[in-house]
Every structure is written in structure tokens, then in C-alpha cells.
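Heads up, the thing below is written out as C-alpha cells.
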Amino acid sequence: MRQETLRQDPPARLTRRHRQRGAIGIMMPFMLISVLSVGALAVDVAHLAIVRNELQNAADAAALAGAAGLFPANPKPAWTAGVTKGTNAISLNKAAGVTLTSGTVQAGYWNLTGTPAGLQPQDITPTSNDVPAVQVTISRGAGSNGGPVPTLLAQVFDGAAASTTATAVAVIAAPGIIGNGGLFPVALSQCLYNNFWDSATNQPKLDPATKKPYLFRIGSAYHYGPCESGQWTTFKSTDNSATATRDLLQSGNPSPVAIGDKIWMQDGTKTSNYNYVGVNQDYLLPVTSSLNPGSLGPITAFAAFHITASVGGSGKYIEGYFIPNFKVTNSGGGVGPYYGGYVPPRLAH
């Protein structure tokens, strides 16, 4: 029989194996620390993103609340009321379970084109692109809203807690688009509007005798001068019938209408339609630079108007006055010149 002998590793190989085992033993704690650090970092990043989102939601809500406080204007935006309402709204929110108590709230003008950038002072002369705004900045940091946000890295590895900030800007502006049903079917001449609205103060011109907005009549272009007239409109339809206008008196524009769109000026006086006009109500009317019956005219703005009387027969006029601070609830977006109507606040930044 063949006898088998046991083979022994050389001393050098045994030495290398012991060294490898020793190296692995030394590296394991460092590898474990690295794995834990990566895991903690991933958790912290996700947590900070949630807290940052909570701060952003709080800033958005406070800015919207503040912008809502800017109107009614008299004649300038109510800057102090806007700041107060924005500040009060901060404490209605939390971030990382901590009730927010402080933030920076500012009011001024915001240029919708971004030039110039940032919030502008309240005393500038605004252009058509400068609209009233409230800016809110809320932070979790040293001495603010519970301090920096605690993190796992800070707790486990004695690192620093994280500070985070969110900023929001909300604006309030005149409409550039009116949604379905938002317009009264009478187009006003730009000349008439200029006669009774003070563009310098963004307020109706006042009658010296009454100290109230001028009460005036809007008549058909067939019977009144160009600076005293309006005309029935079927908006984007060229239907000239009295019935078509009568239906629109009840329903308003059937589709969205924007500044720059061309709308139809009906032929004729449509005397019977004056009997269907609701009085002692506020309306939004399109303004046009071209009021020629039987043709299309471009919309330049939307004017807020209070109707006090509607007279057919031999009179053929609508009586009323321009009003400021009319809240447009069915705006389709966009921005236009302020002719008395404004849309609810919206975020701009």
C-alpha cells in the first residue's frame, strides 16, 4: 500500500495569510464607519429635502396671504396690511415639527420680466410690468425657528446641524386673459375710458361736485360721440343678432378672451337688449382702440364698471361709473394694464 503524507505550507505562506487576516481585521471598523456615514448622509439628504419643502410651502402660503392684503388699494397698494398679513401667516405652518415663528416679509414692486431682478422699492413709478408683490423668506438656522435642523451625522459623528432657507414672491396684478363667463358684452372705446379714469393714480376720476366717481352714460356709436360710446359685442363670433347678445348678457363670453384678441362690434343699436341688463351690479368690460360697428376691434384692457341704469327706447344708453379694486375670479392668467380689476394673488418666484 502507498502511504500518503500530509503536506505542510511553507512558513512564508503562513506568514502572508496571517498578515492578510490582520489587515482585514484592521480595515473592518473603517469600512463600517464609511457604510454608516453613507447611510446617514442619505437619510439626512432626504430629511433636509422634506424640511426644505415644508419651509417653501410656508413661504408660499405667507406670500400669497400677504399679497391678498395689498388690495383694496387707496390709491396705492396697502403695503403695511400686506406685510402684516404675510407675517401673521408664517405661524400657521411648521417645519420638522417645529411651529414657525419668524421670517422676513417685505412688500414692493416685482417686475414680471425679471428686469430689474428682485423686489423693488414701494416708491418707484411702476411700469406696466411692475406689479405689487410680497416677498417672504423663512429659515431654520441659528436663532430662527428652532435653530438648524438636526441630522444623523451631527448626532452620530458630532457633525454640524444644517441650516436651510426658502423664499417666495406672490404678486397681484390686472388680468391679461378673462375666462369663460367673465365679461359683459359691451365694448368700450379707449377714448371714453381715458375721459373717466386717472391713469396716474389708477383710480376713477372724481366729479368735483360729488367727490365721487363720475356718473356717465355709455351710448351706441350710432347716437353718441367716440368718447362717449360703447358697442354691443359678440366677442369672437360675428353674429349680429339681438338674440346673440341677449344670451351673452346672461352667460358672458363663451370662451377665453385675451388682450390683443379682436372682438366683433355688432351693427345696429339693439334697443330691446337694454331691457335685459342687470343694474346695480359690477361688471368687467373689454376696452378697444377701434370701436367701429360691423368690424373687429383689438382689446387693449378690461375695465371694471358699476351699472346703475339701463335705458332703451329713445335713450339707448347704459349708465354707471368706473370702479377700482374689482376682484376678477375667473381670470385665465396673463397680465394687463390695471383698469380697476385685479386677479387673486399668484406666485411669481
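Expected output is a single nm value to one decimal: the length gained when fully extending between Thr104 and Leu92, i.e. 0.36 nm times separation in residues minus the C-alpha distance. What is it?
Additional length available on full extension: 2.8 nm.
Roughly how many Å is it from the Cα centre of the stretch 321-349 to that of the stretch 88-140, as a whole number?
19
Below 15 angstrom from the Cβ of Ser220, what's the summed charge of the other residues (Lys, Arg +1; Asp, Glu -1)?
0
How much length is gained on full extension from Thr238 to Cys191, taking 0.36 nm per residue of separation minus their Cα-Cα distance?
Here the answer is 14.5 nm.
Taking the Cα centre of each part, how many Å lie between the stretch 296-313 and the stretch 165-211?
13
Testing the spin-label approximation: label points 7 Å from Cα along Cα→Cβ at Leu215 and Thr80. State their distance in nm.
3.4
Throughout, read-outs are computed from the coordinates displayed, never taken from laboratory work. Predicted, not measured: the structure shown is a model, and the values here were computed from it. Positions of Cβ are generated from backbone atoms using ideal geometry, with glycine treated the same way; all protein chains shown enter the neighbour counts.
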